[in-house]
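Report on the following structure.
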Amino acid sequence: MNDNPKYVRPEWLQALDPKFDTLSFHIQHPEISPDVYIRSQHIALGQQVLAKRRIYLDQKYWIYCRDVVRGRPQHPLHSEIYKVLGQAVKSGTAICPASHLILEETLKQEDPESRHLTATIVQELSTGVSLQAFPVLSQAEILHFLITTRPWPVDAFPCEQMAWTYIGNVFGHISPVSTAFDADTENAIRKAWFDSMGGIQFPVLAERLFPLPFEIARSHSGRYDEQNEQCRKHEKDFSSFPEVFLIEISDALDVYKDELAEAQKYLFQKYIGQKDVIVPDDQLAEGTRQLSNLIYHAFRLGKITDQLPGLRIMAGIHAAMRYKHQKHRKGDRHDHLHARVALPYCNLFLTERTLGHILCDKPLEYDKLYGCRVAWEPGDALGALNDVLQQTQ
């Protein structure tokens with residue numbers, strides 16, 4: 001607490017539940033490091049989330065729920081879907097997690113009333129829980145793949161358990177460092193900061209972040225035109241789906257270079273027992289090249305099934321669209337990224353028709369691969385929702 005009479009606590013901090021104000025507790029318990037504490041909290045949160053049915057809504061279904069609350073449902077069954085979701089969340093049997101994609105799309109609603117109402121419903125059905133930001137998820141998936149494919153005992157938690165965080169950390173976990181305090185006090189601040197982020201409500205976050213930075217808010221229609229033109233130019237580069245899938249995997253691995261390098265550094269430091277050891281750049285680059293080749297050929301030989309889901313799902317969607325000569329449309333990027341987080345970590349994904357067919361039809365059939373129901377029509381969505389919820393009984 002700051003005793004300076006000129007100091008005014010920010011409004012969002014004033015509204016925070018006192019149970020999230022844990023600085024005094026952490027000052028009294030300096031024996032646990034911030035990294036160990038934060039990891040333990042994520043492990044515990046993952047246990048709680050995995051005990052429930054996870055229902056992922058893309059932005060379209062969040063809008064449907066918003067319009068139900070407004071008293072203007074776009075379809076009669078939307079009211080029943082929202083009712084069932086609300087009852088399941090309230091009873092503790094289900095959760096509809098947030099994600100940074102949902103936050104971004106909510107912030108694109110310029111009308112304050114619509115934005116606040118959507119954010120309030122996200123808070124209600126997510127109970128303040130979010131999927132991790134993409135860099136965190138991708139890193140976790142790569143590390144899990146590397147650890148679980150070693151010829152010695154596995155010492156890692158399942159990715160499904162480590163995929164969750166609190167809404168306050170929806171863009172990743174950031175904490176104060178290099179403060180003017182002594183080491184123990186700084187560590188206490190870092191742990192208390194994590195706890196405070198866990199108490200932030202989605203509507204508060206949406207209000208504080210509005211308006212979106214230009215780069216996030218602007219339309220990406222030009223990007224889709226470029227993608228379609230590139231696909232047209234290279235449509236004769238393959239004659240089968242497996243061929244175009246491997247082309248997409250190769251391109252994706254090039255994008256993943258930084259994540260692959262960081263995973264190698266982490267494991268090297270972990271298993272030699274020296275946290276700050278430096279890996280020479282040339283060795284890291286060669287290791288990254290070899291690891292990229294290993295993953296590529298593992299996909300080519302069918303050795304990877306549901307591992308590395310982010311890599312497979314995005315490459316698979318793009319490959320399926322190219323194979324079927326299907327054009328990219330405005331909004332596809334976010335829809336595909338919703339699938340990237342929903343399929344491997346949730347039990348049901350409510351989305352839109354075009355994406356639903358891509359995911360469930362051949363050649364992908366990702367709903368079967370990841371054990372995640374996918375539905376889009378209101379009747380099918382309600383039926384799938386009831387089926388998934390029955391599995392908890």
The residue that is nearest to PHE349 (Cα to Cα), considering only those in region 92-119 that are among the polar types (S, T, N, Q) and in contact with a Lys or Arg (Cβ under 9 Å, 6 or more places away or on another chain), is THR93
For this session: Answer yes or no: is there a residue in region 372-380 that is open to solvent by 30 Å² or more (accessible area, probe 1.4 Å), modelled with pLDDT of 95 or more and on the phi > 0 side of the Ramachandran plot.
Result: no
For ALA51, the lone unmet condition from (1) in contact with a Lys or Arg (Cβ under 8 Å, 6 or more places away or on another chain); (2) open to solvent by 20 Å² or more (accessible area, probe 1.4 Å); (3) under 19 Å from MET162 (Cβ atoms) is (1)
Those residues of region 250-286 that are assigned to a loop (DSSP other than H, G, I, E, B) and either over 27 Å from GLY302 (Cα atoms) or free of Cβ contacts under 8 Å to residues at least 24 places away in the same chain (or both) come to a total of 8
The residue that is nearest to ILE95 (Cα to Cα), considering only those in region 1-26 that are in a helix (DSSP H, G or I) and either at pLDDT 90 or above or among the acidic types (Asp, Glu) (or both), is GLU11
If we ask which residues in region 313-336 are out of contact with any Lys or Arg (no Cβ under 7 Å at 6 or more places or on another chain), open to solvent by less than 40 Å² (accessible area, probe 1.4 Å) and without any contact (Cβ under 8 Å) to a residue 60 or more places away in the chain, their number turns out to be 3
Within region 337-353, residues surrounded by 15 or more Cβ atoms within 10 Å (Cβ to Cβ) and either more than 18 Å from the chain's Cα centre (by Cα) or over 13 Å from ARG54 (Cβ atoms) (or both) come out as LEU337, HIS338, ALA339, ARG340, THR351, GLU352
Cβ pairs under 6 Å, 6+ apart or interchain, first in region 216-244 and under 30 Å from HIS297 (Cβ atoms) and modelled with pLDDT of 80 or more, second surrounded by 12 or more Cβ atoms within 10 Å (Cβ to Cβ) and among the aromatic types (Phe, Trp, Tyr), ordered by first then second residue, are PHE241/TYR323; VAL244/PHE238; VAL244/TYR323
With the first residue restricted to region 94-110 and required to be free of Cβ contacts under 8 Å to residues at least 24 places away in the same chain, and the second required to be surrounded by 24 or more Cβ atoms within 10 Å (Cβ to Cβ) and not small (Gly, Ala, Ser), Cβ contacts under 8 Å at 6 or more apart or on different chains are GLN109/THR118
Inside region 223-249, the number of residues satisfying the requirement of being assigned to a helix (DSSP H, G or I), farther than 17 Å from HIS328 by Cα and open to solvent by 60 Å² or more (accessible area, probe 1.4 Å) is 2
Inside region 288-312, the number of residues satisfying the requirement of being outside any helix (DSSP H, G or I) and either open to solvent by less than 70 Å² (accessible area, probe 1.4 Å) or of a type outside the set (Lys, Arg) (or both) is 7
Conditions (1) in contact with a Leu (Cβ under 7 Å, 6 or more places away or on another chain); (2) surrounded by fewer than 19 Cβ atoms within 10 Å (Cβ to Cβ); (3) of a type outside the set (Lys, Arg) -> GLY71 fails only (1)
Within region 264-286, is there a residue that is at pLDDT 95 or above, open to solvent by 20 Å² or more (accessible area, probe 1.4 Å) and more than 27 Å from the chain's Cα centre (by Cα)? no
Scanning region 165-201 for residues that are assigned to a loop (DSSP other than H, G, I, E, B), over 19 Å from ALA44 (Cβ atoms) and either open to solvent by less than 40 Å² (accessible area, probe 1.4 Å) or not β-branched (Val, Ile, Thr) (or both) gives PHE171, GLY172, PRO176, SER178, ALA180, PHE181, ASP182, GLN201
Of SER24, SER91, the only residue that is open to solvent by 40 Å² or more (accessible area, probe 1.4 Å), farther than 30 Å from GLN390 by Cα, among the small types (Gly, Ala, Ser) and free of Cβ contacts under 8 Å to residues at least 40 places away in the same chain is SER24
The condition of being closer than 30 Å to PHE134 by Cα, more than 22 Å from the chain's Cα centre (by Cα) and of a type outside the set (Asp, Glu) holds, among TYR82, TYR61, only for TYR82
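The values are calculated or read from the model by the stated rules, or taken from the named source; none is laboratory data. Since the structure is predicted, the reported quantities are computational estimates derived from the model, not experimental observations. Heads up, the Cβs are rebuilt from the backbone with ideal geometry, glycines too, and the neighbour counts pull from every protein chain shown. Please note that ligands, DNA and RNA were not included when accessible areas were found on the heavy atoms of the full protein model with its side chains. Shrake-Rupley method; radii C 1.70, N 1.55, O 1.52, S 1.80 Å.
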